[in-house]
Amino acid sequence: MPRRRLLYLLAVVAMLGQMAFAMVTTAMQQSPTIDEPVYVGTAEVYRQQHSLRYNPEHPPLGKLIMAAGTAFADPTLDPAYPGNQTRLGRHLLYESGNNPFQLMFLARLPIILLTCVFGLVVLAFARDLAGPAGGLIALGLYAFSPDVIAHGSLATLDVPAAGMLLTAVWLIWRARARPLLHLPLAGLALGAALSIRMSVLPAVPLLVLLAAWALWHAQRSRPEQALPVRTALLRSAGAAIGVGLIAVAVVWLSYLAVDPRLRWTTPPGLPEIQGLKGLAVDLMPFPQAYRDGMLVQFKFENKLYNGFLFGEAYKGSPWYYLPAALLIKTPLAMIGLWVAGAITMLVIPRLRAAAVHLLPISALLTLVAMTGSRNFGTRYVIFLPLFLAVAAGTVALIRFRYSRIVAAVLVLTVAAGSLLTFPYYLPYSNIAFGGTSNTHNNLHDANVDWGQDLARLGQHLKTRYPGEPVWLVYKGAGVPAYYGIDAKDPYKVPEDQVRGLLVISDSRVALASLRLKRLIDSSTRIDQVGYSISIYRR
């Protein structure tokens with residue numbers, strides 16, 4: 001093997017290796033986040049009971065992937081348990097004799113593996129567009145992205161759906177040269193994305209149009225085999241329909257894999273959606289459980305939620321929340337390369353077709369997310385670090401003397417910031433906004449505190465504050481007593497009796513009630529755990 005190829009391979013292995021190490025370490029240290037027990041509990045109901053009754057707002061495939069991991073533990077689960085999906089997760093992890101550390105790690109492991117595989121997709125896509133150097137730039141941004149590492153290490157659905165969507169776009173791009181091979185594979189990847197998260201749905205029309213364009217390009221790029229325009233158009237339309245049908249088939253198969261009889265009872269209380277939105281739901285060629293899950297999502301979107309941005313609590317969902325959160329939580333050098341890559345794709349003529357594949361989908365899904373009612377984190381646009389990493393790789397084609405050196409320095413800057421925040425990736429923010437230790441003053445929920453540090457808190461209290469009285473206000477899915485935390489509830493006694501250590505999740509601090517504000521104001525912050533939990537002395 002030539003020396004240059006060997007060095008290239010070593011660079012790829014090193015970047016993906018550090019990413020895997022960071023995700024595995026994080027997965028082993030963190031307690032369950034708020035959403036994870038729901039998914040893991042549902043995954044075990046799928047595996048053991050073949051029932052679709054839990055978590056209909058998300059399709060099954062992502063949870064089936066988690067079940068591939070939890071199957072190695074073969075956890076105990078009461079088949080007659082009557083609780084809702086939130087209580088189901090707690091029952092499985094803490095009340096059934098199972099080991100929650102082992103179970104959560106096994107559920108997270110398949111997602112970690114997938115996240116590493118998607119790194120290869122980012123590398124390959126960028127190599128196709130900008131050569132080996134472009135591939136390394138793109139992979140560097142992806143592999144050191146704090147957001148991707150944070151959510152790629154969790155048993156959640158955001159990264160798998162985004163990765164499958166990028167894979168579908170990449171395969172459609174490759175179909176411009178070999179349509180018969182890549183278009184069916186693109187349909188499978190698109191179907192997988194749709195079978196993980198419904199938030200992918202707005203991108204479907206763009207992808208089927210790109211599939212039609214791919215076959216049209218393939219036909220017109222061979223003059224010796226040129227077809228009449230009408231025939232070429234019909235074949236292109238057929239390619240779009242074929243990709244769509246394959247995707248629909250994958251969605252159906254994901255439900256059939258859970259229950260071959262598709263037993264389903266529509267849950268009560270679903271909203272009646274009128275107009276075009278209601279018609280679209282009715283016409284979706286998916287199982288009833290999928291369509292009812294869409295109604296559950298609409299029910300969530302119809303609610304008014306609390307938010308927190310730049311130190312101010314509010315109700316509602318301002319349009320600028322996600323752009324602001326991205327500005328806080330994305331490394332500055334990464335933002336610079338994203339912008340430079342997007343401009344490069346628009347300026348260089350031969351990259352404009354690729355820009356049509358990457359940029360409109362990113363923009364559309366971002367705009368849709370900005371109109372959502374839940375201001376809970378940048379995970380709702382986790383596709384951006386994937387799609388824009390590929391775009392950033394194209395800066396390798398800029399013909400300035402030091403352009404590649406500048407790009408390499410920027411990637412190394414991203415890498416340094418990522419390594420310095422290890423292993424606290426979830427609360428990461430860039431230095432312009434005070435770094436990881438200051439994120440809780442600007443954002444809340446999955447941006448900083450998703451309940452992930454309960455195990456760390458238990459160990460911290462044991463070693464630093466043994467025997468001291470603890471009052472706990474925790475936001476999360478874990479059970480404090482399991483982690484050795486003997487704490488009382490400060491809401492259940494008069495305020496003057498709350499003395500000792502007052503331990504509060506930062507998301508609770510951000511949206512503190514008047515009583516909690518009084519307790520905080522009359523206390524002194526003395527410590528923190530994981531940059532997501534504050535410890536006060538009162």
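Could you list, in sequence order, the residues of segment 414-423 that are open to solvent by less than 80 Å² (accessible area, probe 1.4 Å) and assigned to a helix (DSSP H, G or I)? Explain how you work it out, then say what you get.
To start, the set of residues in segment 414-423 that are open to solvent by less than 80 Å² (accessible area, probe 1.4 Å) comprises 414-418, 421-423.
Across segment 414-423, the qualifying residues are V414, A415, A416, G417, S418, T421.
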Scan L502, L519, L472, L443 and give me the residue that is within 30 Å of H91 (Cβ to Cβ) and open to solvent by less than 20 Å² (accessible area, probe 1.4 Å). L502
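Of all residues being of a type in the set (F, W, Y), outside any loop (DSSP other than H, G, I, E, B) and over 30 Å from A512 (Cβ atoms) in segment 280-335, which is least open to solvent (accessible area, probe 1.4 Å)? Just the residue, please. Walk me through it before giving the result.
Of the residues in segment 280-335, the ones of a type in the set (F, W, Y) are 286, 290, 298, 300, 305, 308, 310, 314, 319-321.
Still in the running and outside any loop (DSSP other than H, G, I, E, B): 290, 298, 300, 308, 314, 321.
Keeping just the survivors that are over 30 Å from A512 (Cβ atoms) gives 290, 298.
Values: Y290: 0, F298: 42 Å².
Selected residue: Y290.
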Restricting to segment 424-455, and then to whatever is assigned to a loop (DSSP other than H, G, I, E, B) and of a type in the set (F, W, Y), can you tell me which residue is farthest from R379 (Cα to Cα)? Y424
Taking segment 1-41 and keeping residues crowded, with 19+ Cβ neighbours inside 10 Å and touching a Pro at 6+ places or on another chain (Cβ under 6 Å) leaves T26
Restricting segment 360-405 to residues that are modelled with pLDDT under 95 and in a helix (DSSP H, G or I), the residue that is most open to solvent (accessible area, probe 1.4 Å): R404
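Only one of P494, P480 is in contact with a strand residue (DSSP E or B) (Cβ under 7 Å, 6 or more places away or on another chain), open to solvent by 20 Å² or more (accessible area, probe 1.4 Å) and more than 30 Å from W338 (Cβ to Cβ); which?
Values: P494 fails: in contact with a strand residue (DSSP E or B) (Cβ under 7 Å, 6 or more places away or on another chain).
Criteria check complete, one pass: P480.
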Going residue by residue through segment 139-152, is there one that turns out to be aromatic (F, W, Y), surrounded by fewer than 24 Cβ atoms within 10 Å (Cβ to Cβ), out of contact with any Cys (no Cβ under 6 Å at 6 or more places or on another chain) and modelled with pLDDT of 95 or more? no
If you scan segment 460-480, which residues turn out to be within 29 Å of the chain's Cα centre (by Cα) and outside any strand (DSSP E or B)? H460, Y474, K475, G476, A477, G478, V479, P480
How many residues does segment 42-67 contain that are within 19 Å of the chain's Cα centre (by Cα) and either open to solvent by 30 Å² or more (accessible area, probe 1.4 Å) or closer than 27 Å to P268 by Cα (or both)? 13
What is the residue count in segment 108-129 for residues that are more than 23 Å from P32 (Cα to Cα), open to solvent by 10 Å² or more (accessible area, probe 1.4 Å) and not acidic (D, E)? 6
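So which helices (runs of 4 or more DSSP H) are wholly in segment 1-116 and hold at least 2 residues that are aromatic (F, W, Y) and under 28 Å from Y482 (Cα atoms)? Break it down stepwise before answering.
Numbers: elements: 3-29, 36-49, 61-70, 85-94.
By residue number, 36-49.
The values are calculated or read from the model by the stated rules, or taken from the named source; none is laboratory data. Note that the structure is a prediction, hence the values are computed from the model and not measured. Cβ coordinates were reconstructed from backbone atoms using ideal geometry, including for glycine residues, and neighbour counts include every protein chain displayed. The accessibility values were calculated without ligands, DNA or RNA, using every heavy atom of the protein model including side chains. Shrake-Rupley method; radii C 1.70, N 1.55, O 1.52, S 1.80 Å.
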